[in-house]
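What follows is a single structure, written as structure tokens, with notes after it.
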Amino acid sequence: MNKKGIIALATLLVSGTFVMAGCSMGNVTINDNSRETKQPKETKAEKSKDVKVEAKKKAQAKQADRGKEYSYGIAKGPTWLYVYDNGKKTDTHFNPDKESVVKLHEYDTFKLGGTLPLVGEQFTRSYSVGQNSSQATMDQSDNYDKQLGMMSLVDPDNRVKVTFGKISHPDYAGLSKLAFTDLPKYLEAASTNDSSKLPNQSKHLVGNLDNSTNYRGDAAASYQIIEQYFDKKSTKNDEKGPVVGDHATYVSTGNDPLLEETNATQLFIQVFAKVKKTDTDQHAFRTDDGPKYGSSSTKIEEYQLDYLLNENNNWQLAGVTNVGSSDYAMDTSHSNWIVQKN
């Protein structure tokens, strides 16, 4: 092959190479991706850090919305009652002998609450911190920045006065058993004027027997309980409705002048009883057409049992009030009634 032939063959081979590099083989296209750069994947540690940073930013924003934090002095009260800040329980509870201090933010809301035997958790409604506080006096400022007023919850002696008229999750069986156990003992003591037969020997209960039933004289009547009734609906009173009175089961805190108790926590249980009542008052004034000595009658009696929370966190009977009586039977067939035959 001469020189011109060699050059022509070389040129043909080079041209063929470029054509093959640019052509497709069937349905597959050959591309050169060597110039693309891969992005490194985010590690778990980096993702976790990002989440923490974002959470911190949100917390800081939320903190700013709550305003400035101050220390607030609160009134005296029972130790089972705690302060809840924005719905969360704090470590601060009331003290019966001195003011306690709680840290809150000025735009927070607070409520009071705690747990009691047989009636469970009880809470007040929520209150605004800013609208229920005032600047501490010079004497108070050594202990806290502001005074938490709670004017609707505090009596003139600066003690917490709260009534839980609507009990949310009561132990119906426990409440009825407590009352059904104590009432017959109390009425037996009243029938015989014998305080040793009372359910307990607290000064409150002994004083109640002496002062309200028979005035230290002979027993006025003998009581034989046939049946007792507890109405579950008696715990469902609405605090926004009529004032809670004798016809309810409810909890109250604060001073009780009748019991001479300060910061008392009281439980009032309403029960009814079918009672055979016999007139045993030897000194009663009698008329020819009136009840005779020793005569009996069967009545439905309504009773309010007053309990105090004692130092052992138990309910102890402190007094019994006869609210009224009826000569007519009650319909206790519905499921809201707990009935015990004696």
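Would you confirm whether or not region 280-290 contains a residue that is in the same structural domain as Ser202 (by the TED database), within 25 Å of Gly165 (Cβ to Cβ), in contact (Cβ under 8 Å) with a residue 12 or more places away in the chain and open to solvent by 20 Å² or more (accessible area, probe 1.4 Å)? Scanning region 280-290 turns up no residue that is in the same structural domain as Ser202 (by the TED database), within 25 Å of Gly165 (Cβ to Cβ), in contact (Cβ under 8 Å) with a residue 12 or more places away in the chain and open to solvent by 20 Å² or more (accessible area, probe 1.4 Å). Ser196 meets the conditions (1) open to solvent by less than 40 Å² (accessible area, probe 1.4 Å); (2) in a helix (DSSP H, G or I) in every case but one. The failed one is (1). Each residue in region 156-181 was checked for being aromatic (Phe, Trp, Tyr) and open to solvent by 50 Å² or more (accessible area, probe 1.4 Å), and 1 of them qualify. Can you tell me which residue is farthest from Asn313 (Cα to Cα) among those in region 83-100 that are open to solvent by 60 Å² or more (accessible area, probe 1.4 Å) and part of a strand (DSSP E or B)? If we take residues in region 83-100 being open to solvent by 60 Å² or more (accessible area, probe 1.4 Å) and part of a strand (DSSP E or B), then Lys88 is farthest from Asn313 (Cα to Cα). From the list Lys341, Lys276, the one residue that fits, being open to solvent by 80 Å² or more (accessible area, probe 1.4 Å), of a type in the set (D, E, K, R), under 35 Å from the mean Cα position of the chain (by Cα) and modelled with pLDDT of 95 or more, is Lys341. Need pairs with beta-carbon distance below 6 Å; first residue without any contact (Cβ under 8 Å) to a residue 40 or more places away in the chain and within region 137-162, second outside any helix (DSSP H, G or I); sequence gap 6+ or separate chains. Here the result reads Gly149/Ser133; Gly149/Ser134, each pair linking region 137-162 to a residue that is outside any helix (DSSP H, G or I).
Only a single criterion out of (1) assigned to a strand (DSSP E or B); (2) more than 30 Å from Lys98 (Cα to Cα); (3) at pLDDT below 85 is not satisfied by Tyr223, namely (3).
Would you mind stating whether Lys103 is under 19 Å from Gly254 (Cα atoms), part of a strand (DSSP E or B) and either in contact with a strand residue (DSSP E or B) (Cβ under 9 Å, 6 or more places away or on another chain) or open to solvent by 60 Å² or more (accessible area, probe 1.4 Å) (or both)? Answer is no for this residue. The set of residues from region 62-82 being under 20 Å from Phe123 (Cβ atoms) and outside any strand (DSSP E or B) comprises Ala75, Gly77, Pro78, Thr79, Trp80, Leu81.
So, in region 315-338, of the ones that are of a type in the set (Val, Ile, Thr) and outside any loop (DSSP other than H, G, I, E, B), which residue ends up most open to solvent (accessible area, probe 1.4 Å)? Selected residue: Thr321.
The values are calculated or read from the model by the stated rules, or taken from the named source; none is laboratory data. Model, not experiment: these values are computed from the prediction. FYI the Cβ positions are ideal-geometry reconstructions off the backbone, even for glycines, and counts take in every protein chain you see. These area figures cover heavy atoms from the full protein model, side chains too; ligands, DNA and RNA do not enter into them. Shrake-Rupley method; radii C 1.70, N 1.55, O 1.52, S 1.80 Å.
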